[in-house]
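I have placed the structure first, in the form of structure tokens, so that the comments after it can refer back to it.
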Amino acid sequence: MSTKVEKQILVNVPVGTAYNQWTQFEDFPHFMGGVKSVKQLGDDRLEWVAEIAGVRRQWQARILEQVPDHKVAWAATEGATNAGAVTFEDMGGGQTSVRLSLEYEPEGLVEQVGDKLNVVEKQAEADLKRFKEFIESEGYATGAWRGSINEGAAAGTPGVQDAAASRGDSGKAGVSGKVAAAGVGVAAAAAAAAGVAAAASGKDADDETAAAPRDMTPVGGMTTATPSDTTPVVEMAPPPSPEGVPVSEESAANAVRPPEEAAGDDRARGSGI
């Protein structure tokens, strides 16, 4: 199921200035908190990396229609499934109305929980406010591209149906190590949801006590659960005693223990130090 977000803001600059700044896609990280980088691959192709509420996503998008001082419409071609448009309306008196319309499909438990919490909607609203502050403080655009792309070809606002090629592509999604380590936001909510799912599976509570304690460790942008003690415990039978004499438990343990442990080595198991 897709989610639609629509946000609008009034900026106190002429429509040409607001539009020109929006065409400078690679400057988006300066005023869009969720955008980490945008790379212009061509006049109508962009590569995005974004992180919202601890979820990192990467995708490519194609501009379907671009009309100077009026509209920029796009749809993802691979990666995170999303599409939408930004329109600009001259309100007179040096003011411009900027409207963002976005439709996307959340993927995975973390994004679905974030969707329920309206995380993307709140991020879009905050980003538009930062755009307003950025362009009004400068008073001019950092650059401009005044070309047109398929003017009049795309009626209305593109939806996720226009981004069908990106469906099923994970978009290299991952949970931010910083957010996972802090245990906040949707990562925490997703962890709670996962716990509820595990409880509902019918697993006997007594079995849980036998599980080794686990630490959540961020690795390469993802969060993995690793046992706190990684050294396997091997049960070995005690060696036979000479002439049938019983062997004590302590003697048997020393017989199968590495020499340094038998000598009283106090290093933590599996610590490597």
>> Given points 7 Å out from each Cα along the Cα-Cβ axis, report the Glu47 to Phe134 separation in nanometres with one decimal.
In response: 2.0
> Does the range 1-52 come out rounded, prolate or oblate, given a ≥ b ≥ c as the square roots of the eigenvalues of its C-alpha gyration tensor, rounded meaning a/c under 1.5 and, failing that, prolate meaning a/b above b/c?
Replying inline: oblate
>> Counting pairwise Cα distances across the range 57-138, what percent come out greater than 22 angstrom?
In response: 36
> What length, rounded to one decimal in nm, is gained on full extension from Lys39 through to Glu6, with 0.36 nm per residue of separation minus their alpha-carbon distance?
Replying inline: 9.4 nm
>> I need the peptides 37-46, 13-22, 72-81 ranked by packing, meaning the mean over residues of other C-beta atoms within 10 angstrom, with the highest value on top.
In response: 72-81, 13-22, 37-46
> Which peptide among 58-64, 142-148, 27-33 comes first, and what is the full order, when sorted by highest mean count of other Cβ atoms within 10 Å?
Replying inline: 58-64, 27-33, 142-148
>> Quick check: from the Cα gyration tensor, does the range 96-156 come out rounded (a/c under 1.5), prolate or oblate?
In response: oblate
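Coordinate-derived values only; no laboratory data. Quantities reported herein were computed from a predicted structural model and do not represent experimental measurements. FYI the Cβ positions are ideal-geometry reconstructions off the backbone, even for glycines, and counts take in every protein chain you see.
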